[in-house]
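**Q** Right, I'll just put the structure down here and ask away after.
The values are calculated or read from the model by the stated rules, or taken from the named source; none is laboratory data. Fair warning: this is a prediction, and the values are worked out from it, not measured in the lab. Neighbour counts are summed over all protein chains in view; Cβ atoms, including those assigned to glycine, are modelled from backbone coordinates with ideal geometry.
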Amino acid sequence: MSPRTLVRIVLGAFMTFAGISHLTFARDEFQAQVPDWFPINTDVTVLASGVAEIGLGASFLALPKHKRVIGILLALFYVAIFPGNIAQYVEHKDAFGLDTDRKRLIRLFFQPALIAAALYGGGVGASGKGASKS
């Protein structure tokens, strides 16, 4: 198994699990990441993002022929939800053990890593043998 395939599988499983947790046991925690200024109901936002995460995660796992497109969509999803991470820091909202500004600030630096992992796992930017053309 190539490193890219491993990243795709791990990230797909992680996203599927995260999406399920949005709909079930961690629903309240995820609501802390919805910015106060966001115009859509907090619970609806959490449920919708959970469904999106399940779809993206399951697709990353089950549709390897489309991994490039799914990797790009997943990276864009991570970009789209980044304002929620920023809001959690700026609005001093506790969730997932992020109960200090320092912890919330450190969390912000993980988002670029997730974006890079989605692109890497999707084969985006790959060249040479084994590069994805789909």
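**Q** Any residue at all in region 44-55 that's assigned to a loop (DSSP other than H, G, I, E, B) and surrounded by fewer than 16 Cβ atoms within 10 Å (Cβ to Cβ)?
**A** No, region 44-55 has no match at all.
**Q** Another one. Looking at (1) out of contact with any His (no Cβ under 7 Å at 6 or more places or on another chain); (2) within 28 Å of D43 (Cβ to Cβ); (3) at pLDDT 95 or above, find the lone condition where L119 falls short.
**A** L119 satisfies all of (1) out of contact with any His (no Cβ under 7 Å at 6 or more places or on another chain); (2) within 28 Å of D43 (Cβ to Cβ); (3) at pLDDT 95 or above except (2).
**Q** Yes or no: region 63-82 includes at least one residue that is in a loop (DSSP other than H, G, I, E, B), among the small types (G, A, S) and surrounded by fewer than 12 Cβ atoms within 10 Å (Cβ to Cβ).
**A** Taking every residue of region 63-82 in turn, none turns out to be in a loop (DSSP other than H, G, I, E, B), among the small types (G, A, S) and surrounded by fewer than 12 Cβ atoms within 10 Å (Cβ to Cβ).
**Q** What's the total number of residues in region 14-50 that are touching a Gly at 6+ places or on another chain (Cβ under 6 Å), modelled with pLDDT of 95 or more and not hydroxyl-bearing (S, T, Y)?
**A** So the answer is 5.
**Q** Take the residues in region 18-43 that are among the polar types (S, T, N, Q) and assigned to a helix (DSSP H, G or I), then tell me which one is nearest to Y120 (Cα to Cα).
**A** S21
**Q** Across region 11-25, which residue is farthest from L63 (Cα to Cα) among those that are free of Cβ contacts under 8 Å to residues at least 40 places away in the same chain and surrounded by fewer than 20 Cβ atoms within 10 Å (Cβ to Cβ)?
**A** F25
**Q** Output the residue which, of all residues in region 94-127 that are among the hydroxyl-bearing types (S, T, Y) and either without any contact (Cβ under 8 Å) to a residue 40 or more places away in the chain or surrounded by fewer than 16 Cβ atoms within 10 Å (Cβ to Cβ) (or both), is farthest from R4 (Cα to Cα).
**A** T100
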